[in-house]
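Inspection log for the structure reproduced underneath, given as structure tokens.
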Amino acid sequence: MQDGYFDGPGPEARFKAFLAEGRFMIQRSRATGAHVFYPRVAAPGTGETDLDWVAPSGLGTVYATTVTRQRPEQGGDYNIALIDLDEGPRLMARVDGIAPEAVAIGLRVRASVGEIKGEPAVIFHPVEG
Amino acid sequence: MTLRGKAACVGLATAGCGEAPGRNAMELMAEAVVRALADAQIPLAKVDGLFAATAFHSMAAMSLAEHLGIRPAFSDGSNIGGSSFMAHALMAAMALDAGLINVAVIAYGSNQRTAGGFKSISEPMPFEAIYGPRNPITAYALATSRYMHEFGATREDLAEVAVAARGWANLNPEAFARGPLTVADVTGARMISDPLGKLDCCLVTDGAAAIVLTRPDRAKDGPRTPVYLLGAAMEHHHRMISAMPSLTTTAAAASGPRAFAMAGCGPRDMDTVQLYDAFTINTLLFLEDLGFCAKGEAAAFIKGGRIAPGGALPVNTNGGGLSCVHPGMYGLFVTIEAIRQIRAGAGDDEGPREAGGWIPGAKLSLAHGNGGVLSSQVTSVWGHGDTL
């Protein structure tokens, strides 16, 4: 393990700091090349302490999707999806730019950093064409 | 070294199932313990092992021991959601077999319904919370969407699970939700989180439960037919739904075979099958993962009323979490139904049910617990003394 690996802000704080700069960053193990999300202190399963921060392509595919039903006066229906990034990891997110119920499994999507309730958040939109 | 047959249930009870206005979660849990000990005819002072988990008490075993006025020599309050109680049975069997304790009580209590509705024990999930999931339903809806996509299952297929459960509830006067229910009723109910509608979801009730376990050498002294823990096993691999490796295969695919291996029997030997049905998808996933049918085939497997009253495989014979009782962490009720079916099969008086509600001569029951968001899976197999 390299000196200072555990020093400074933890992985969640670093992830959020990147987000605040408008950057969506994930981790990658130097030894295996495997990408990791959500941010961990060590590679899941092996414990390797060799995780670097890298920028993913931002491309992914909808793995599962649901529409949370909500009265219009409370904000209306909204989408929640699980996205498989092209790099491998899966994350929960929202797909915007399309009706919540039109989000289909297999849909190709691209990440951007938007905002939910005043907080920066990774949001996906359908890939054009 | 095996735990097969090393612990026996000699008493059990529920309390306040449905609605229990005016009584708090601890009072309901303590009532269930007192009733279960009366069922076993074992004095409270003999209880030296205590196992409890609820959504209302961060240290449930301590709170319950204090309320009862006992001093356990061994206790465990591990909380792995609704599967906690199958894990407690495994832990109790270990402690009994090791001679650490002589009489174990496993207990649970909740007054969530009269206290204002669904009571979550869950902290917000990091990296998920910002998207507004309404767990647990969001997680189960996501799993359902994936299951339907991979295997072509339909909302009507899911509805069959709810209709079968209601069929059993209609034979059980203790069940909370009774009355006719059709597939069209289920698919036509208000959508909560696509593709799950209101009637794909478990009940929100009050209720408490307790069981009493002893070593087999003492089990035959009591008034009730002892029911033996033949096998139990657990596994979990995620806490957040986004971290579940495959949304269509649960850890039951690992816990089930290990529990059956300890028990020395398999899915086809089960006389009754009790599965934690928090949502309709659960029953399909667990029938597959526990080996009753192949992956992706549960919808076809249950067609034609196979798991409903009169069908070939009695599943969730109390009416399940969907129609009998679901106070938040339903696992101990799953276990109790598994054991009661065996006691009734041996001729014990388990109270009235409509014809077919008790499975004649049942000697082997599966009790499968689920915790979190399809996260923790704990399988247990219970048997009559003849199966030892």
Taking the conditions exactly as written (more than 9 Å from every other protein chain (Cβ to nearest Cβ) and in a strand (DSSP E or B)), does residue A:60 satisfy them or not? yes
Yes or no: residue B:321 in the same structural domain as residue B:161 (by TED's automatic domain parsing) and part of a loop (DSSP other than H, G, I, E, B)? no
Qualifying positions in the range B:124-136 - at the interface with chain A (Cβ under 9 Å from one of its Cβ atoms), buried (at least 22 other Cβ atoms within 10 Å of the Cβ) and in a loop (DSSP other than H, G, I, E, B): B:128, B:133
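Per-residue answers, yes or no, for (1) part of a strand (DSSP E or B); (2) within 14 Å of another protein chain (Cβ to nearest Cβ); (3) of a type outside the set (A, V, I, L, M); (4) surrounded by fewer than 18 Cβ atoms within 10 Å (Cβ to Cβ):
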site	(1), (2), (3), (4)
B:55	no, no, no, no
B:71	no, no, yes, yes
B:88	no, no, yes, no
B:113	no, no, yes, no
B:122	no, no, yes, yes
B:138	no, yes, yes, no
B:149	no, yes, yes, no
B:153	no, yes, no, no
When residue A:53 is evaluated against the numbered criteria (1) surrounded by 15 or more Cβ atoms within 10 Å (Cβ to Cβ); (2) assigned to a strand (DSSP E or B); (3) more than 10 Å from chain B (Cβ to nearest Cβ), which criterion, by number, is the only one it fails? (1)
Residue B:312 vs (1) closer than 30 Å to residue B:74 by Cα; (2) outside the structural domain of residue B:86 (by TED's automatic domain parsing): all pass except (1)
Quick test for you: out of B:305, B:385, B:372, B:356, pick the one residue that is of a type outside the set (A, V, I, L, M), touching a strand residue (DSSP E or B) at 6+ places or on another chain (Cβ under 8 Å), in contact (Cβ under 8 Å) with a residue 12 or more places away in the chain and at positive phi. B:372
Would you check which residues across the range A:86-114 are in a strand (DSSP E or B), crowded, with 21+ Cβ neighbours inside 10 Å and more than 9 Å from every other protein chain (Cβ to nearest Cβ) and list them? A:95, A:109
Only residues that are assigned to a strand (DSSP E or B), among the hydrophobic types (A, V, I, L, M, F, W, C) and within 14 Å of another protein chain (Cβ to nearest Cβ): list them for the range B:181-234, please. B:191, B:192, B:196, B:201
Of the residues B:284, B:229, which is under 14 Å from residue B:364 (Cβ atoms) and modelled with pLDDT of 95 or more? B:229
So, in the range A:115-129, of the ones that are more than 9 Å from chain B (Cβ to nearest Cβ) and part of a loop (DSSP other than H, G, I, E, B), which residue ends up modelled with the lowest pLDDT? A:129
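The values are calculated or read from the model by the stated rules, or taken from the named source; none is laboratory data. Fair warning: this is a prediction, and the values are worked out from it, not measured in the lab. Heads up, the Cβs are rebuilt from the backbone with ideal geometry, glycines too, and the neighbour counts pull from every protein chain shown.
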